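Quick notes on the structure that follows.
Laboratory data are not the source of any read-out in this text; all were calculated from the coordinates shown. Treat the numbers as computed from the prediction; the structure is a model and nothing was measured. Cβ: placed from backbone, ideal geometry, glycine included. Neighbour counts: every protein chain shown.
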Amino acid sequence: MCSVMPIDRRPTLSAALADVRQHGAGVLVVAKRDRIARDVVLAAGVERAASKAGARVISADGTGNGDTPGRIDSCELSSTAQPSTSAT
């Protein structure tokens, strides 16, 4: 998938933003910021779309996260990705 295409021509990114809106997620985690967009204007558009959906974009490699921690611990990511096995 090309990261210079507009958001509406990137179905996976569009679906991720829709999921953020639908589920009220406060964060959209990406592996690396340059995978969102290599074009500064397009990257700003993605950030704006995430913000309108009530979320902020952070990268797992820590690039461009501003005041967030420099790196997301892999155990944090894996713990949120693992389904619960406890019986209710």
Problem set entry | Efficiency of FRET from Cβ geometry, Met5 and Val29, R₀ 22 Å, rounded to 0.05 | 0.60
Problem set entry | Intensity falloff of the stretch 7-66 expressed as log10 I(q)/I(0), Debye formula with alpha-carbon point scatterers, at q = 0.28, 0.29, 0.30 Å⁻¹ | -1.35, -1.42, -1.47
Exercise. Ranked by Cβ crowding within 10 angstrom, fewest neighbours first, how are Thr12, Thr63 ordered?
Worked result: Thr12, Thr63
For this session: Tell me which residues come under 5 Å, amide H to amide H, from Leu28 once H is placed; ignore anything under 5 positions away on its chain.
Result: Arg56, Val57, Ile58
